[in-house]
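Reading through the structure tokens given below for one structure.
The values are calculated or read from the model by the stated rules, or taken from the named source; none is laboratory data. Note that the structure is a prediction, hence the values are computed from the model and not measured. Please note: Cβ atoms are built from the backbone with ideal geometry, for glycine as well, and neighbour counts cover all protein chains shown.
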Amino acid sequence: MHSATVRVALLTPPGRGALAVVGVAGTAAVVTVSKLFFPRGSLPLVDRPDGAIVFGRWADADRGEELVVVRHSVGRLEVHCHGGLAASEAVLESLEVLGAVRESWQDWLAAAGASTLELEARDALARAGGPKAAQILARQLAGALEFELARIAAFDAAGDRDGVAAGRERMRRAARIGLRLTRPWRVVVAGRVNAGKSSLVNALAGYARSIVSAEPGTTRDLLETRIVLDGWEIDLVDTAGLRDDPADEVEQEGMARTVSAVAGADLILRVLDGGQASACLPTGIPELLVLSKCDLHLVSDPAPFNAIRTSAVAGLGIEELAAAIMHRLVPEERTDPGLLAGAVPFTERQIGLLSERPGRV
Ligand SMILES: Nc1nc2c(ncn2[C@@H]2O[C@H](COP(=O)(O)OP(=O)(O)OP(=O)(O)O)[C@@H](O)[C@H]2O)c(=O)[nH]1
Ligand SMILES: [Mg+2]
């Protein structure tokens with residue numbers, strides 16, 4: 001690319017946000033931005049010192065969008081405009097009309113020396129599923145993964161095979177969680193009709209997401225709710241209840257969807273009303289037995305020994321259920337607390353690096 005070319009890129013992730021940032025770089029950057037930016041006050045942008053943060057209007061001195069330009073240097077500026085895609089797109093297009101060349105944020109950061117790992121971490125961070133995932137990814141961005149890969153390489157260079165094997169094994173265990181940081185866990189609530197599934201979904205979600213009624217067969221389709229439990233993002237799936245004699249074809253189709261949802265679950269909440277027998281076949285997928293409506297049953301009533309007793313109506317056992325869900329999905333948090341605090345590979349490419357010679361990472 002010609003050295004005089006002005007490069008522009010959207011540096012904030014797509015989606016809703018209060019602010020968007022457009023980067024402008026190149027020897028003619030400040031001159032190009034000055035043609036579109038009308039600063040508040042009399043001093044033009046070209047005469048402002050490096051580091052200046054200047055408020056003004058874009059493209060039209062009286063009616064243009066109000067925004068802020070940061071002058072890092074003559075050749076590098078940032079335009080901070082309103083969030084969302086429309087405002088930043090207008091800024092980018094007006095710069096392109098003046099000859100600027102648009103590039104992706106990945107190319108922008110790579111040109112500034114960012115590693116592939118850093119690009120992967122920034123991309124994943126923008127899609128992180130909840131605060132725990134964001135924390136883990138932020139640590140990888142800060143260097144945890146790079147540090148551990150270098151440590152394994154040093155073991156290799158010193159001929160310490162045990163050190164290499166232990167380091168890799170730890171990383172592989174961490175990768176099980178790492179690969180899920182941008183994809184929510186899928187928890188499917190299943191059981192007989194009227195077992196109290198939708199009521200439990202609502203209790204976990206904290207609002208009346210699903211319709212609840214005394215009529216068996218109320219839920220007829222899959223209903224997904226995204227929630228955050230203990231800092232982890234989860235897609236909670238309410239399903240049509242199962243019974244031997246579905247009322248009609250719609251209910252039958254709903255039950256078929258329940259079966260396929262169960263097959264794709266990370267965890268099944270098998271809801272049993274009191275002493276009711278389980279209506280579902282074993283699936284090989286991890287499950288929790290949940291006893292519903294415990295306000296109606298005596299504690300001494302027969303129940304599967306490992307079932308979690310709940311009452312959605314009385315709000316009993318819901319916190320225990322939430323804790324049990326997370327313990328089943330991410331047992332490492334309790335069994336190996338340091339694991340997720342350190343290096344966590346989070347892409348297939350990074351996991352692939354573990355089987356190569358560590359010196360080549
Ligand atoms: N007393 C009591 N009643 C409950 C509780 N949970 C649910 N119910 C009642 O049980 C009935 C069925 O509840 P739902 O949550 O709709 O059950 P479901 O399993 O989703 O039912 P389907 O969608 O028809 O399969 C409703 O009348 C609820 O009010 C509970 O904890 N205690
Ligand atoms: Mg229901």
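Structure values in brief
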| item | result |
| --- | --- |
| Condition met for Arg161 (under 29 Å from the mean Cα position of the chain (by Cα) and of a type in the set (D, E, K, R)) | no |
| Residues of segment 203-222 satisfying the condition of being within 8 Å of ligand 2 (Cβ to nearest atom) and closer than 14 Å to Arg257 by Cα | Thr219 |
| Considering residues of segment 235-252 that are assigned to a loop (DSSP other than H, G, I, E, B) and of a type outside the set (S, T, N, Q) only, the residue nearest to ligand 1 (Cβ to nearest atom) | Gly241 |
| Residue selected from segment 243-275 under the condition among the hydrophobic types (A, V, I, L, M, F, W, C) and over 16 Å from Val201 (Cβ atoms), by the criterion modelled with the lowest pLDDT | Ala247 |
| Subset of segment 212-234 [surrounded by fewer than 21 Cβ atoms within 10 Å (Cβ to Cβ) and either near ligand 1 (Cβ under 7 Å from one of its atoms) or aromatic (Phe, Trp, Tyr) (or both)] | Val212, Ser213, Ala214, Glu215, Pro216, Gly217, Thr218 |
| Filter result for Leu200 (at pLDDT 95 or above, more than 13 Å from ligand 2 (Cβ to nearest atom) and part of a helix (DSSP H, G or I)) | no |
| Subset of segment 125-175 that is in contact (Cβ under 8 Å) with a residue 40 or more places away in the chain and outside any helix (DSSP H, G or I) - its residue that is surrounded by the most Cβ atoms within 10 Å (Cβ to Cβ) | Gly129 |
| Residues of segment 328-351 classified as surrounded by fewer than 19 Cβ atoms within 10 Å (Cβ to Cβ) and at pLDDT 90 or above, total | 14 |
| Long-range neighbours under 6 Å by Cβ, at least six apart or interchain, first residue touching a residue at least 12 places away in the same chain (Cβ under 8 Å) and part of a loop (DSSP other than H, G, I, E, B) within segment 210-232, second surrounded by fewer than 19 Cβ atoms within 10 Å (Cβ to Cβ) and aliphatic (A, V, I, L, M) | Ser210/Leu223; Gly217/Ala247; Thr218/Ile211; Arg220/Val250 |
| Single residue of segment 188-211 satisfying the filter (touching a helix residue (DSSP H, G or I) at 6+ places or on another chain (Cβ under 6 Å) and under 21 Å from Arg328 (Cα atoms)) that is farthest from ligand 1 (Cβ to nearest atom) | Val188 |
| Ala247 being crowded, with 21+ Cβ neighbours inside 10 Å and out of contact with any Cys (no Cβ under 6 Å at 6 or more places or on another chain) | no |
